[in-house]
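Here is the structure we will look at, set down as structure tokens.
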There are 2 protein chains.
Amino acid sequence: MLTLYDFLPSGNGYKVRLLLSQLGIAYRLVELEIFQGATHTPQFLARNPIGRIPTVEFEDGRHLAESGAILWYFAEGTDFMPQDRLERAQTLQWMFFEQYSHEPYIAVVRAWKHVVGGKLTPLQEMELPERTRRGYQALDVMEGHLARHTFFVGERYGLADIALYAYTHVAHEGEFDLTRYPAIRAWMARVAQQPRHIPITERPA
Amino acid sequence: MLTLYDFLPSGNGYKVRLLLSQLGIAYRLVELEIFQGATHTPQFLARNPIGRIPTVEFEDGRHLAESGAILWYFAEGTDFMPQDRLERAQTLQWMFFEQYSHEPYIAVVRAWKHVVGGKLTPLQEMELPERTRRGYQALDVMEGHLARHTFFVGERYGLADIALYAYTHVAHEGEFDLTRYPAIRAWMARVAQQPRHIPITERPA
């Protein structure tokens, strides 16, 4: 059976858990305390030298890391990945946007304020306003796109929506105010209505 | 003809220019002064609401942004993308690693020290040691992998190498010391020996 090394509050991990749920793929969940060094032990670094969750271990002992790469692996050939070449690339465009221009701001501010309990280092305190500003910039880009589209690519639910939903739907835990983003909120409701949707901290059956 | 909106010193842009050179695809280069707001004009934001280069414009007027997505689009079906499903996902693993754990440190420190001329804001001054430390962490991960492999995926030059070469080969411009990374240096020499390789600031013919 597939093994997923993960941390339940992680949006990056949730992307993988949500897709596996929606594809009906069974897996064994190994929960790691990422804020207590569990991904930097010699055993874990042998699985993923980048030292991050989510990481999957296949039955043959091979591994794959980075949420976007794991999503891609499991979605190939399914309805979650567009058949059109440009739409496939647009899916990756939004997935790279999420990892570069959204996650480092929205997810990191949420982690600082909500997951690790709000005690910031002096550097984090100094970075907080700029990270918050850039988080809103990412939300502005999403709102502009969703004001004209039902889903991110091809007017159809898919990987790009999973990637962007994960941290957007918990952005309020980083004190981001989503009341001013009606298109994002309507899209989040559409995402949550998809078959086999699961909440972020739900363990596999 | 294809149009590429770009900025020559950008490693993200260079990834696309290098692949297009190696695929023999002709394009028109439009150079933008990204540090003077050229990617945040209404005209450019209509092309790419994320407001970043590289962005490509196809002949039919459609656009694609994010270097990783552009690389994927052009590499599909070519020797630059593995035919094996897991190797394709491993390619994306390294491309996401580059955008999340490498570029924000190595490329940003290089931009601060080399491209924009070394005058830092107080926040940048405070961030510099941590960004430098994380840049070396990324180099450590690369060195560990390259000590056992000739290229990042499948022992064969491909997209993951292009993505990681772009900012690694100019890391010295951010004052990163590569003398302690013999495997990275040997790999960079192998990358530079590939057919139709071009330097970072070379314009298309």
query = Looking only at residues in the stretch A:86-140 that are of a type in the set (S, T, N, Q) and either modelled with pLDDT under 95 or closer than 29 Å to B:TRP72 by Cβ (or both), which one is surrounded by the fewest Cβ atoms within 10 Å (Cβ to Cβ)?
reply = A:THR121
key: Subset tally (residues that are more than 12 Å from B:ILE106 (Cα to Cα) and either under 18 Å from the mean Cα position of the chain (by Cα) or more than 10 Å from chain A (Cβ to nearest Cβ) (or both)) for the stretch B:126-139   = 0
task = Please specify each residue of the stretch B:23-37 satisfying the condition of being modelled with pLDDT of 95 or more and either touching a Phe, Trp or Tyr at 6+ places or on another chain (Cβ under 7 Å) or among the β-branched types (Val, Ile, Thr) (or both).
result = B:LEU23, B:ILE25, B:VAL30, B:GLU31, B:LEU32
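Would you please name the residue that is farthest from the other protein chains (Cβ to nearest Cβ), looking only at residues in the stretch B:72-107 that are in a helix (DSSP H, G or I) and of a type in the set (A, V, I, L, M)?
Taking the stretch B:72-107 as the starting set, the residues that turn out to be in a helix (DSSP H, G or I) are B:72-75, B:85-107.
Those left that are additionally of a type in the set (A, V, I, L, M): B:75, B:86, B:89, B:92, B:95, B:106-107.
Working: B:ALA75: 10, B:LEU86: 7, B:ALA89: 4, B:LEU92: 4, B:MET95: 8, B:ILE106: 14, B:ALA107: 11 Å.
For the stretch B:72-107, the residue satisfying everything is B:ILE106.
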remark   = In the set B:ARG62, B:ARG17, the lone residue that is touching a residue at least 24 places away in the same chain (Cβ under 8 Å) and either closer than 18 Å to A:PHE96 by Cβ or among the charged types (D, E, K, R) (or both) is B:ARG17
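The values are calculated or read from the model by the stated rules, or taken from the named source; none is laboratory data. Keep in mind that this is a model prediction, so the values were computed, not measured. Using ideal geometry, Cβ is built from the backbone for each residue, glycine included, and neighbour counts are taken over all protein chains shown.
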